[in-house]
Structures are given as C-alpha cells and as structure tokens.
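Please read the structure below before turning to the comments.
Values in this text are rule-based calculations from the coordinates and carry no lab data. Worth saying up front: this structure is predicted, and the values here are computed from it rather than measured. A quick note on method: Cβ atoms are made from the backbone with ideal geometry, for glycine too, and the neighbour counts reach across all protein chains shown.
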Amino acid sequence: MGTFISSEQDGAVAVVTIDNPPMNALSSALLDELEAELDRLDTDPATRAIVLRGGGERAFVAGADIKEFPALREQAAGESGPARGLLKLGHRMDAAHTPFVAAIQGYCLGGGLELAMCCDVRVCADDAKLGQPEIKLGLIPGGGGTQRLPRLVGCGRAMLLNLGGEFIDAATAYEWGLVEKVVPAAEVVAAATGLAATFAARSPHAVSVLRELARSTRDLPLEEGLRREADAFRRCLASEDGREGVAAFIEKREPTFSGR
C-alpha cells in the first residue's frame, strides 16, 4: 500500500499497521499517509471498526520524528510538522463515524501516546512502556498531550507524566485509566481486534452517535449533557438501526444493522 501504512481487513475490522522502522516515528509524511488511510476506511461501509498497531515488536509508536524539529524553527509556528499533523489527525479521528482501538506494544511515547489517546479504547501489552518525554528536550507535548491526558487520568497524574518525562508500565497505565485492558504481549493485536469486532457488530448509527456525544459533551454541565443524550437517544430510536434492533429483540433473533 503506502510507504508507511498498510491495512488488512478482518471481517468488518480494518487493522492498520504503522511501519517506520525501527520505532515507528511519526514523520509528517507518515501522518499525512495515515490520515488519508483512516479517511478512506471511515467512509467505507464495509469497515465498522479500526485497529491501530505498530509494525514490529519494539514499539507502537516511540514518538514524533525528532529529526524534523530543527526545520520547524524556520517555519511559522504551527503551520506544519509532526505536532500540527498529529493535531489534524486527532481532529479527523474525533469526527469519524468509526470507532478506533489502539493495540499498544513496546514503547508508546510522546506523539505515540497522543495518537493512542485519540482512539476510543486502548489495549496494552503487559510489557509496554508509556510516557510523554518531551520535557527532556526542553519541549512540551504538542499533539494533544496536555489536553487529552488529563481528561483520561486527571490533572495531577498528567502533570506527573508531562513534567517528569518518565515512563510508566502497563499495570500503572491500567490503574490510572490510561488504558482499558492489559494482555500478554503476544496477544495484544488479537485482543484489540476481538474488541473491535465486538464494536463492529453493533449499530454503526448508534456507535457514531455515541462517539459524537462523548466528544461534544465531556466539558458541558451535567444538565446540558443529559439533554443532548436524550435528544441522541430519540434519534437512535427513530433510526432504521433502532427499529431493527428493537424488532430483533422482540422476535428473538440477531439484528442486521444497516448503519442508517
């Protein structure tokens, strides 16, 4: 397929591999290619869930391509480069109809952790290492690490990672709520794919509504969030998938969802 990205279809699940040896660094070219592939898959009716994984066994993604950083000083701030590309990719993933599952193995650092945090669910190998080490370069996270991380683990733990730059292990990441599942390293892709297959079997319409609701209401007052939830429930109830799901339950059969 592309220079850095390959996809394999497993039923309704697309497994997307990021392959930039030795540690799958996120170059600008890689991010452009990844965004194009995720955009293609998100608009493909045959794909109902997407797994992101790193090529090889050493890393999910060990960070941005630091070799590109010196050139960024010659450009207007924020116009290009890995951080800007990762933010753009994160916005595209937020807006997607399709759910994302990260299969984290080896090192998941800096931009790699920021990419994993753009996913809906994270499945982690038991020997993985996660962190935001940008501070050790005199930098800060630039692809969502100061914003997505505290929303997942709380402000104090996010500051601990961002200010210290040290890594945490999979058990700590699970305890903190940074990842949702920890499995043996040899099982991480299969576990992530199995979880994605569960999501893919659900109503694509309801999944899309859930993702949009989670993104748009997380910073709203409870009352407004509940109002939007009620509106979203009514939309789902009136949808073709909603009618099919209710009918299938009453008729004691498996539903066939169309995504409408």
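Evaluating 6.51 cos²θ - 1.76 cosθ + 1.60 at θ = phi - 60° for every residue in the stretch 3-18, the Karplus couplings come out as 6, 10, 10, 9, 10, 10, 8, 10, x, 8, 9, 9, 9, 9, 9, 8 Hz, glycine and proline recorded as x.
Relative to the longest principal axis of the Cα atoms of the chain, the long axis of helix 204-217 lies at roughly 50 degrees. For the stretch 1-52 versus the stretch 130-146, the spacing of their alpha-carbon centroids is 24 Å.
With R₀ set to 35 Å, the beta-carbon distance separating Leu152 from Ala238 gives a calculated FRET efficiency near 0.60.
Using Cα atoms only, what is the angle between the long axis of helix 240-250 and the major principal axis of the chain, expressed in degrees (0 to 90) to the nearest 10? Tilt relative to the chain: about 60 degrees. With the highest mean first, a sort of the peptides 128-135, 215-222 on other beta-carbon atoms found within 10 angstrom per residue produces 128-135, 215-222. You can think of it this way: the chain between Ser216 and Leu139 has 24.8 nm of extra reach, that is 0.36 nm per residue less the Cα-Cα gap.
Taking every lysine pair in the chain that is 8 or more places apart or spans two chains, those with Cα atoms closer than 29 Å amount to 8.
The charge dipole of the chain, taken about the Cα centre with unit charges on the Cβ atoms of Lys, Arg (+1) and Asp, Glu (-1), comes to about 520 debye, rounded to the nearest 20.
Ranking Leu152, Thr198, Trp176 by Cα position along the charge dipole of the stretch 148-199, where only Lys, Arg, Asp and Glu carry charges on their C-beta atoms, puts Leu152 farthest toward the positive end.
For the chain, the residue among Phe4, Pro255, Leu41 whose Cα projects farthest onto the positive side of the dipole built from Cβ charges is Pro255.
Net charge within 12 Å of Ile140 by Cβ-Cβ distance, Lys/Arg positive one each and Asp/Glu negative one each, not counting Ile140 itself?
Details: positive: Lys136; negative: Glu114, Glu134.
Local net charge: -1.
Please work out whether the stretch 204-250 counts as rounded, prolate or oblate from its C-alpha gyration tensor, where a ≥ b ≥ c are the square roots of the eigenvalues and a/c under 1.5 means rounded, while otherwise a/b larger than b/c means prolate and anything else oblate? Prolate shape, in that a/c is at least 1.5 and a/b is the bigger ratio. Modelled spin labels at Ala201 and Ala95, positioned 7 Å past Cα toward Cβ, are 3.3 nm from each other. Residues whose amide H lies under 5 Å from that of Val51, counting only those 5 or more places away or on a different chain, are Ala14, Val15, Val16, Val101; hydrogens are built 1.01 Å from N in the peptide plane.
Projecting the Cα atoms of Leu89, Val189, Ile66 onto the dipole axis of the chain, where Lys and Arg carry +1 and Asp and Glu carry -1 at the beta carbon, places Leu89 farthest toward the positive end. Helix 28-42 sits at what angle to the longest principal axis of the chain, using alpha carbons and giving 0 to 90 degrees rounded to 10? Result, in degrees: 0.
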